[in-house]
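Participant: Quick one: this structure, given as structure tokens, is what I'll be asking you about.
The values are calculated or read from the model by the stated rules, or taken from the named source; none is laboratory data. Computed from a predicted structure; not experimentally measured. Cβ: placed from backbone, ideal geometry, glycine included. Neighbour counts: every protein chain shown. Just so you know, the surface numbers come from the protein's heavy atoms only, side chains and all, with ligands and any DNA or RNA stripped out. Shrake-Rupley method; radii C 1.70, N 1.55, O 1.52, S 1.80 Å.
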Amino acid sequence: MMKRLLITLLCLTFFFSPLLADNSKSRLKAALLSAAIPGMGELYASGKTSGMISLTSEALLWLGYYANKQQAEWAKNNFQQYARAYSNSSYANPDEDYYDLIQNYQSSNVYNNNVLIYARQGLYSGWSEQTYNQFVSSYLQTGSRSWNWESEENFIEYARLRVDRNEYNIMAKFTIGAMVLNRIVSMIKAVHSVNVHNSDVIKTNTVSFLYDINPIRMHASFYLQKRF
């Protein structure tokens, strides 16, 4: 009799095993989803409100990033145009180093004087004449590379335009940092949402097998109880 009872219980367990599935969520999957796209892990774990907040934050951060990069590009165009108009330089293809250089010196004459002073100090320190000539020819700004801002106002305005570009680039970098932080927060919230979801599933979706055996009457009763 007990053997039959055991076999019956095993058969019932196998037959109703789909009902025992708790539809639990994976913490790892939720964390990876939020790492890829903040909010997706929370939505996967049924955290709709939290997920939408993270998704919205991510969208706003991307908009802020592209807005700052666009502003930085406009600021770059502004200082380049300003340099062409007011620096009296005829250098056709200036690079970033050249734009840095003309920001630091009001004219190429001032800069070249500093180069010559440094080179003479090198001679006193033991430079050969060849080393001196190579240094001077490499660093002197002459011909089309020469410049002159003519006024202090022009020089200061150019520096201000350059600072504008740098500030927008810095803001874009801060936005990237905020995106990373948003992902970390979303991952933490996603794992928490999974824990809450799995806990609720266990509480509300539990299936129990109940039985009542009366050996005197040779009677056995079986019940399947499911909580909702």
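Participant: Could you tell me whether any residue of the range 97-108 is assigned to a helix (DSSP H, G or I), over 21 Å from residue 76 (Cα atoms) and at pLDDT 95 or above?
Facilitator: Taking the range 97-108 first, the residues assigned to a helix (DSSP H, G or I) are 97-104, 108.
Filter once more, keeping what is over 21 Å from residue 76 (Cα atoms): 108.
Now drop any that are not at pLDDT 95 or above, which leaves 108.
There is at least one residue in the range 97-108 that is assigned to a helix (DSSP H, G or I), over 21 Å from residue 76 (Cα atoms) and at pLDDT 95 or above.
Participant: Regarding the range 72-92, can at least one residue be identified that is over 28 Å from the mean Cα position of the chain (by Cα), of a type in the set (D, E, K, R) and surrounded by fewer than 17 Cβ atoms within 10 Å (Cβ to Cβ)?
Facilitator: yes
Participant: Residue pairs, Cβ under 7 Å, 6 or more apart or interchain, first in the range 150-171 and closer than 13 Å to residue 69 by Cβ, second surrounded by fewer than 18 Cβ atoms within 10 Å (Cβ to Cβ) and at pLDDT 95 or above. List them.
Facilitator: Note: pairs meeting the criteria are 168/71.
Participant: Scan 92, 30 and give me the residue that is hydrophobic (A, V, I, L, M, F, W, C), under 30 Å from residue 136 (Cα atoms) and modelled with pLDDT under 95.
Facilitator: 92
Participant: Return the residue satisfying two criteria in turn: it lies in the range 28-55 and is over 18 Å from the mean Cα position of the chain (by Cα) and among the hydrophobic types (A, V, I, L, M, F, W, C), and of such residues it is nearest to residue 201 (Cα to Cα).
Facilitator: 45
Participant: Let me ask something else. If you go through the range 56-71 one residue at a time, how many are touching a residue at least 24 places away in the same chain (Cβ under 8 Å) and either open to solvent by 70 Å² or more (accessible area, probe 1.4 Å) or more than 15 Å from the chain's Cα centre (by Cα) (or both)? Please lay out each step first, then the result.
Facilitator: Residues of the range 56-71 that are touching a residue at least 24 places away in the same chain (Cβ under 8 Å), as a first pass: 57-58, 61-62, 64-65, 68-69, 71.
Remaining after also requiring either open to solvent by 70 Å² or more (accessible area, probe 1.4 Å) or more than 15 Å from the chain's Cα centre (by Cα) (or both): 62, 69, 71.
Matching residues across the range 56-71 total 3.
Participant: Sticking with this one: Just name the residue that is nearest to the chain's Cα centre (by Cα) out of those in the range 186-205 that are surrounded by fewer than 16 Cβ atoms within 10 Å (Cβ to Cβ) and under 26 Å from residue 59 (Cβ atoms).
Facilitator: Step one: list which residues in the range 186-205 are surrounded by fewer than 16 Cβ atoms within 10 Å (Cβ to Cβ), which gives 188, 195-196, 199-200, 202-204.
If we keep only those that are under 26 Å from residue 59 (Cβ atoms) too, we end up with 188, 196.
On the way: 188: 16, 196: 28 Å.
Going through the qualifying residues, I end up with 188.
Participant: Could you please give the count of residues in the range 131-160 that are among the β-branched types (Val, Ile, Thr) and within 11 Å of residue 106 (Cα to Cα)? Lay out the reasoning, then the answer.
Facilitator: Filtering the range 131-160 for residues among the β-branched types (Val, Ile, Thr) gives 131, 136, 142, 156.
With within 11 Å of residue 106 (Cα to Cα) added as a condition, the list becomes 156.
Of the residues in that region, 1 qualify.
Participant: Let me ask something else. Would it be correct to say that residue 164 is within 41 Å of the chain's Cα centre (by Cα), within 30 Å of residue 101 (Cβ to Cβ) and either at pLDDT below 95 or not hydroxyl-bearing (Ser, Thr, Tyr) (or both)?
Facilitator: Values: within 41 Å of the chain's Cα centre (by Cα): yes; within 30 Å of residue 101 (Cβ to Cβ): yes; either at pLDDT below 95 or not hydroxyl-bearing (Ser, Thr, Tyr) (or both): yes.
Considered against the rule, which asks whether it is within 41 Å of the chain's Cα centre (by Cα), within 30 Å of residue 101 (Cβ to Cβ) and either at pLDDT below 95 or not hydroxyl-bearing (Ser, Thr, Tyr) (or both), residue 164 comes out as yes.
Participant: Quick check: is even one residue across the range 114-136 open to solvent by 70 Å² or more (accessible area, probe 1.4 Å), among the small types (Gly, Ala, Ser) and within 20 Å of residue 97 (Cβ to Cβ)?
Facilitator: No; the residues of the range 114-136 include none that is open to solvent by 70 Å² or more (accessible area, probe 1.4 Å), among the small types (Gly, Ala, Ser) and within 20 Å of residue 97 (Cβ to Cβ).
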